[in-house]
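> Here it is, the structure, as structure tokens.
The values are calculated or read from the model by the stated rules, or taken from the named source; none is laboratory data. Bear in mind the structure is a predicted one, so any value in this text is a computation, not a measurement. All Cβ positions, glycine included, derive from the backbone under ideal geometry; neighbour counts span all protein chains shown. Note: areas computed on protein heavy atoms with side chains; ligands, DNA, RNA excluded. Shrake-Rupley method; radii C 1.70, N 1.55, O 1.52, S 1.80 Å.
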Amino acid sequence: MIVRLLLPMLILLGCSSCSSMQRLAKAGAAEPSAFLANGPKLQKTKAKYDPFLRVWRNDSREVWAKAEAKKKLYIAPVSLDYLRPMTQPLSRVEVREKSRQKEAQKLAVYMREQFALAFKNSPNAHYEIVDEPEKDALTLEMAIVEFNPNSIVAGITRRAINLIAVPGAESLVGRQLKGNIAMEGRVTDPAQKQSLYEFADAEQNQSALILSVHDYNAYSAARKIIRGWATQFEEVTRTKPGERVKDSAAFTLWLW
């Protein structure tokens, strides 16, 4: 009986090759904002090779040749200028806009810190992080464009769905019951006045096999997602185009 109940979720968790299935259970891509100069040109990626949902890459070899000679990276303060209103009904009921804006400001600071930390903690980091813009440094700019805090009532509801049906069932019907966050980023070479790489991603609460503490906290899932983005971006910077950088899973076995 237990095996029968757990089997659907275990199949999804173990199906690393089923990248399309994983992405169907994740947050959908957000509409590009005016933050990205090449937003309309962003291309859908394959989860098998890229952790971000949409990317654009400058196709000039000359531009890249000059940029790749630079080994320093300045991470600019994360922008909230393009943050959209809440769209999840239960998030709007449970969280006041003033509280969301206050937390978004904290997340913006946290995001910048975590991206810098990912490079500083990496034994093979491609870039040295600098505190101020430099003529021999590239620049990473990011913006949080969507942010729906997790609804506690929704978390309880999704847990009930899993108990009534099978573990993981809420992943198929619970997108409107999950908090989510979406971001956009761009790497530029100020010396050339060129954008090199632009990316966008959106994530929501992971579906838990047993229980996740993030389902009962309005903001902790967003911080976890940001840490994941930071790790993924650092890996992307030292990976050749076309080589695999693993996307985050739609499901989790962990409590936190």
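> For the stretch 1-50, enumerate the residues that are at pLDDT 55 or above, in contact with a Gly (Cβ under 8 Å, 6 or more places away or on another chain) and open to solvent by less than 50 Å² (accessible area, probe 1.4 Å).
If the condition is that a residue be at pLDDT 55 or above, in contact with a Gly (Cβ under 8 Å, 6 or more places away or on another chain) and open to solvent by less than 50 Å² (accessible area, probe 1.4 Å), then 33 is the only one that fits.
> Take the residues in the stretch 235-256 that are under 14 Å from the mean Cα position of the chain (by Cα) and either among the β-branched types (Val, Ile, Thr) or more than 18 Å from residue 45 (Cα to Cα) (or both), then tell me which one is modelled with the lowest pLDDT.
245
> Taking strands (runs of 3 or more DSSP E) that do not extend beyond the stretch 52-157, which have at least 2 residues that are of a type in the set (Val, Ile, Thr) and in contact with a Phe, Trp or Tyr (Cβ under 7 Å, 6 or more places away or on another chain)?
128-130, 137-148
> May I pose another question? State whether one or more residues within the stretch 201-208 are at pLDDT below 75, open to solvent by 10 Å² or more (accessible area, probe 1.4 Å) and touching a strand residue (DSSP E or B) at 6+ places or on another chain (Cβ under 7 Å).
There is at least one residue in the stretch 201-208 that is at pLDDT below 75, open to solvent by 10 Å² or more (accessible area, probe 1.4 Å) and touching a strand residue (DSSP E or B) at 6+ places or on another chain (Cβ under 7 Å).
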